Amino acid sequence: MNNSEINNLLNGLSQRLNTSPEALKKNLEKGNLNSVLSKMNSSQAKKVQEILDNPKQSEKFLNSPQAQAIIKKLMG
């Protein structure tokens, strides 16, 4: 993913979560997932929490090319 695609992803996600892309990025950079999860509907938040609670699923998710691109973008 390039910067434009990552920004588009952040923009789309921020619209779904009813927050600004900047606020979403800040929360993700700080590791403040509770703030992000609280803005999701209960089924979305549950799915994300299940991934976070399962080390194998978390590793699979974090090793995906899309997640790696987002991580690189957020880490500068």
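The values are calculated or read from the model by the stated rules, or taken from the named source; none is laboratory data. Just so it is clear, the model here is predicted, and its values are computed rather than measured. Note that we place each Cβ from the backbone using ideal geometry, even for glycine, and neighbour counts take in every protein chain shown. Note: areas computed on protein heavy atoms with side chains; ligands, DNA, RNA excluded. Shrake-Rupley method; radii C 1.70, N 1.55, O 1.52, S 1.80 Å.
Structural remarks
- What the chain shows is 75 Å² of accessible area per residue, with the surface traced by a 1.4 Å probe over protein heavy atoms.
- Rolling a 1.4 Å probe over the protein heavy atoms of the chain, with every protein chain left in place, gives an accessible area that is 51 percent carbon and sulfur.
- Contact order, relative form, for the chain: 35 percent (alpha carbon pairs under 8 Å, 6 or more residues apart, mean separation divided by residue count).
- From helices alone, the chain scores -23500 deg cm²/dmol at 222 nm; the rule is -39500 (n - 2.57) for each run of n ≥ 4 DSSP H residues, then divide by the residue total.
- Shown here: P(r) over Cα pairs in 10 Å bins from 0, in percent, derived from the displayed model; of the candidates [x] 19, 59, 21, 0; [y] 17, 30, 17, 15, 14, 6, 1; [z] 18, 51, 30, 0, it corresponds to [z].
- Cβ-Cβ FRET estimate between residue 8 and residue 53, R0 fixed at 30 Å, reported to 0.05: 0.55
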